[in-house]
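J.: Structure provided below as structure tokens; questions to follow.
The values are calculated or read from the model by the stated rules, or taken from the named source; none is laboratory data. In this text the structure is predicted, and so the values were computed from the model without any measurement. Here the Cβ positions follow ideal geometry from the backbone for every residue, glycine too, while neighbour counts run over all protein chains shown. SASA here: full protein model, heavy atoms, side chains in, ligands and nucleic acids out. Shrake-Rupley method; radii C 1.70, N 1.55, O 1.52, S 1.80 Å.
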Amino acid sequence: MLKEPAVFASRSGVLDLLIIAKPKPVPTISFAPPGGAPVNPVGWVYEICPRPSTGNQCPAGSSTVADYGGARLALQPGDTLKMRFVNRLPKLDPAKVAHAADAGGESLPSNPSNIHTHGLIVPPRAPTISDPTFGDYVFVSVFNSANVNWQLVSQGAHDHGQLVLDSVDYRIDIPKNHPSGLFWFHPHVHGLALNQVSSGLAGIITIGNVGDYAGGGSVGGQPAVRHLILKDLQVLAAGNIAFESDPVAVANGEVLNQQDPDFCRQFPAPGEVRQGSCIGADNSRDEGNNYLGGKWYFTINGQQFPTIPVQAPQGEFWRLTNASGSLSYRLQLVADATQQPIVMQLVAVDGVSVNLPQDTPIDTVVRLAGAKFKVARCPQTASDIRTLPVCVSELVMMPSARAELWVTYRDGAGRVTSPLRNALATFKMTGLTMGSGDAWPAIDLARVEFKQGSSFSLSQPAIAVSGDALKMTQAGGIFSSPAPSAQAAPLPANCKALPSGHRRRIFFGLEDLAVDDSFGLGYEEVDERGVPVPGTQLPVTRFDPMKPSVCLPLGPGQTPIHETWELVQLSTENHNFHIHQTKFRPVEANASSSSPNSLKPRSGVGYGIVEDNLPLGVAAPDASIRDQVTNNQSGVCSIEQWRGGHCASTPVTLDIPFVELGDFVYHCHILEHEDGGMMAKIRVVPSPY
């Protein structure tokens, strides 16, 4: 039976926690190596408890939780989240750290860490003399003193910001007008994010309650609420594995946190049953690793292939989080009897409830959903619901994605009805190939039992959704209200607002076209005619926290400023755009003001669907580039080749509102790519007016 994550809820407007990152065996996973006794692999967990009055140790007892599956921090708009974060992670073998040899990476084997509150629209506040706490600030590395010679580390060059020993205090102030929804927290030290998240360091955050934005309508009651945290863990059998250099020895039950997408075959062999795991493959013939004897586990809330009983007559809200480091899911809920996907209603995306006018054409819904969802026509409509219900039969969740769905039993035509006796379904990852890149395996994730009672019947079933995608843009909304702490100040050098009609263009590619993991981002400003502005171009380069790629001021009166960004994919494998401290929405230049994908929708239309991560398609190089693959070019395009018409890649256009002051980042949230350098720094400063 699937268990809910442990909950830590705020009281009187405050949630004050001690959070310790530490190694711990995963009791829900029993790995049986060839010829050896079963072992529980050691993951990395957040041990969480209400903050003690003294010390950095959680007491024994039920008030302390250290679950691999993750915990939920339950907050309300206007709350304050206080966290003392303590690093007790183990030291790493440098040969098993992919970026230890990179510039600034010499301290990565010491395993520094931090915490990022992903998706929250909160200040990225650095500490000051008067307030030594951190906001949602990723430019800090917390070291376990047992792992380091502090004098050498603190005096050496470092690529990842401020250095702190053992512990750090965070204070995250949630705005009173923050949308209710689903968010999460995880480490964000550049060069180690993949290792730490893949080992289990992640939990979820909820603001408000689902009932703040969804429920009622024809359903006539509130569905039950269920949280599903998706994680995966690659566990090795004893042998020798090549990381970035020569093969090194690994032990039975060791976790491969520098994950390999080729650990398993993408699809099961005849007769192979994949219920929450797949067996390791031998890739040595293709110059890969031999993972025979190992196993790749896929868990929900830390459980392998749990049973999910849907018992509430009104169905359930499923709140999904992809807390994997690099793995992307293609998810379906498949009826066992028909082997067809069951339609589900989409309620919220990336922490913000959807809001589409009733007259939104289905093709507009499809474009808004992009590559994240396979939109299906809702089989029935509801006359008492003011916004358009959005139904999906499949969703693609790249790393960091969240989605909230209304799940209930439906017949073969997709109509909500009483479940048949022993109505069963399987929640599946159906397999996903990322362009020319990673091929993620097909896995059955959970067994679903519909037990909603024979009296359950609805003639016009749908969930009423009150969209924060609209409310956040209206008077008093978070993207229409002045920044509360901002005061007018002169602009720093080389920091100015975009001229009217201009936009920023971000390129996703490789710093060195001959090195297929030299991930980086490029930049230029484009004028109202689509012509690059001279002097603004930055080539595709790896992350440098000392050099912001973008600096911009708020609007007059410290109001949110909207910018138009274009994302250009130069790669033949997928990337996943994410930006901190805000949300965004895909827009189309020719969309009318009555459409939610308009650059400037009229009053009352709102944003439709807003996001904080976005899958990018793949570039299509022409023959002149493909012919160079054997001539020290990986097949990824250069900016010049794209500009010259040799690389078909249509830019994705986004409207991005900025309201939080400070330094933060945008990056690809496939953490292998982020750690490899596909990240850049942005700075938002007060308006001088």
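J.: Starting at the first residue of segment 229-239, write each ³J(HN,Hα) from the Karplus equation 6.51 cos²θ - 1.76 cosθ + 1.60 with θ = phi - 60°, in whole Hz, x for Gly and Pro.
T.: Per residue, the Karplus-derived 3J(HN,Hα) values read 9, 8, 9, 9, 9, 9, 10, 9, 8, 4, x Hz.
J.: In whole Hz, with x marking every Gly and Pro, tabulate ³J(HN,Hα) for segment 431-442 from phi via Karplus 6.51 cos²θ - 1.76 cosθ + 1.60, θ = phi - 60°.
T.: Karplus-based 3J(HN,Hα) across segment 431-442 equals x, 8, 10, 9, x, 8, x, 5, 10, 8, x, 7 Hz.
J.: So what is the relative contact order of the chain, in percent, for Cα pairs below 8 Å that sit 6 or more residues apart? Please list the in-between numbers first.
T.: On the way: 1925 pairs, mean separation 90.2, N = 689.
RCO, the chain: 13 percent.
J.: Using DSSP to call loops (not H, G, I, E or B), can you name the trypsin sites (Lys or Arg not before Pro) in segment 460-565 whose Cβ has at most 16 other Cβ atoms within 10 angstrom? It would help to have the intermediate numbers written out before the result.
T.: On the way: sites: LYS471, LYS496, ARG503, ARG504, ARG505, ARG529, ARG542; in loops: LYS496, ARG529, ARG542.
Answer in residue order: LYS496, ARG529.
J.: From the Cα trace of segment 182-267, what convex hull volume per residue do you get, rounded to a whole Å³?
T.: Cα convex hull per residue, to the nearest whole number: 151 Å³.
J.: In addition: Taking the DSSP beta bridges in segment 25-166 as the whole, what percent of them are antiparallel, to the nearest 5?
T.: Approximately 50 percent, going by the DSSP bridge assignments.
J.: Report the FRET efficiency, 1/(1 + (r/R0)^6), for ARG415 and ARG386, where r is their Cβ-Cβ distance and R0 is 25 Å, rounded to 0.05.
T.: Between ARG415 and ARG386 the formula returns 0.70.
J.: Now for a different question. Take every DSSP beta bridge whose two residues both sit in the chain, then give the antiparallel share in percent to the nearest 5.
T.: Details: 124 of 166 bridges.
Around 75 percent of the beta bridges assigned by DSSP in the chain are antiparallel ones.
J.: Need the full-extension length gain, THR307 to THR128, defined as separation in residues times 0.36 nm minus the C-alpha distance. One decimal, nm.
T.: The span from THR307 to THR128 would gain 59.5 nm if fully extended.
J.: Name the residues whose placed amide hydrogens come within less than 5 Å of the amide hydrogen of PHE134, ignoring near sequence neighbours (fewer than 5 apart) on the same chain.
T.: Here the answer is ASP169, TYR170, ARG171, since their amide H atoms fall under 5 Å of that of PHE134.
J.: Along Cα→Cβ, 7 Å out, is where each label goes; now give me the distance between the ones at VAL7 and ALA620 in nm to one decimal.
T.: 4.9 nm
J.: What is the ratio of the Cα radius of gyration of segment 634-684 to 2.2 N^0.38 Å, where N is its residue count, to two decimals?
T.: Details: Rg = 14.6 Å, N = 51, 2.2 N^0.38 = 9.8 Å.
Working it through for segment 634-684, the quotient is 1.49.
J.: Also, quick follow-up: For GLN222, what is the net charge nearby, where nearby means another residue's Cβ is under 12 Å from its Cβ and Lys, Arg count +1, Asp, Glu -1?
T.: Around GLN222, the charge tally is -2.
J.: Now a separate question. Tell me, what is the FRET efficiency for GLU449 and ALA101 to the nearest 0.05, using R0 = 60 angstrom and their Cβ-Cβ distance as r?
T.: It comes out at approximately 0.75.
J.: Which cysteines in the chain lack any other cysteine whose Cβ sits under 4.7 Å from their own Cβ?
T.: Within the chain, the cysteines lacking a partner Cβ under 4.7 Å are CYS668.
J.: Also: If you roll a 1.4 angstrom probe over the protein chains with everything in place, what fraction of the accessible area of the chain belongs to carbon and sulfur, to the nearest %?
T.: Of all accessible area on the chain, carbon and sulfur atoms account for 50 percent.
J.: If you stretched the chain out fully between ALA589 and ASP517, how much longer would it get, using 0.36 nm times the residue separation minus the C-alpha to C-alpha distance?
T.: Residue separation times 0.36 nm, minus the Cα-Cα distance, leaves 22.5 nm.
J.: Let me ask another. Could you give me the ³J(HN,Hα) list for segment 25-38, computed from phi with Karplus coefficients 6.51, -1.76, 1.60 and θ = phi - 60°, whole Hz, x at Gly and Pro?
T.: Result, rounded to whole Hz: x, 8, x, 7, 10, 10, 9, 10, x, x, x, x, 6, x.
J.: Report the dimensions of segment 356-419 along its three principal axes from the alpha-carbon atoms, largest first, rounded to Å.
T.: Taking the Cα atoms of segment 356-419, the three principal extents are 35, 29, 17 Å.
J.: Once you keep just the Cα pairs under 8 angstrom separated by 6 or more residues, what percentage relative contact order results for segment 189-271?
T.: 30 percent
J.: Per residue, what accessible area does the chain have, given a 1.4 Å probe and all protein chains present, in Å²? All intermediate terms of the calculation are to be shown ahead of the outcome.
T.: Details: 25730 Å² over 689 residues.
I get 37 Å² per residue for this part.
J.: Suppose R0 equals 41 Å; then what is the FRET efficiency for THR338 and ASP359 from their Cβ-Cβ distance, rounded to the nearest 0.05?
T.: Values: r = 33 Å, r/R0 = 0.80.
Between THR338 and ASP359 the formula returns 0.80.
J.: With the cut-off at 22 Å, report for segment 162-310 the share of all Cα pairs above it, as a whole percent.
T.: Of all Cα-Cα distances in segment 162-310, 59 percent exceed 22 Å.
J.: Amide H neighbours of TYR46 under 5 Å, at least 5 residues apart or on other chains, H built in the peptide plane: list them.
T.: ALA202
J.: Let me ask something else. Over segment 31-129, calculate the relative contact order: mean separation of alpha carbon pairs under 8 Å at least 6 apart, over the residue count, as a percent.
T.: 17 percent
J.: Please list the non-local residues whose amide H lies under 5 Å from the amide H of SER353, H modeled 1.01 Å from N, same-chain partners needing a gap of 5 or more.
T.: Hits under the 5 Å cutoff: ASP468, ALA469.
J.: Separation between the SER480 and ALA60 pseudo-spin-labels, each 7 Å from Cα along Cα→Cβ, expressed in nm?
T.: According to this spin-label approximation, the distance is 5.6 nm.
J.: Still on this structure: Based on the mean of other Cβ atoms within 10 Å per residue, sort peptides 641-649, 227-235 so the most packed one is first.
T.: In decreasing order of mean packing, 641-649, 227-235 become 227-235, 641-649.
J.: Lysines near LYS22 by alpha-carbon distance under 16 Å, same-chain residues fewer than 8 away left out - which ones?
T.: Of all the lysines, those that pass the test against LYS22 - Cα under 16 Å, at least 8 places apart if same chain - are LYS91.
J.: Next question. State the extension gain, in nm to one decimal, for the chain segment bounded by VAL531 and ASP286, taking 0.36 nm per residue of separation less the distance between their alpha-carbons.
T.: Once the chain is fully extended between VAL531 and ASP286, it gains 83.7 nm.
J.: Could you state the principal axis extents of the C-alpha atoms in segment 531-576, from the largest down, to the nearest angstrom?
T.: If we take the Cα atoms of segment 531-576, the spans are 43, 26, 23 Å.
J.: Under a plain spin-label model, where a point goes 7 Å from the Cα along Cα-to-Cβ, how far apart in nm are ASP246 and ASN209?
T.: 6.2 nm
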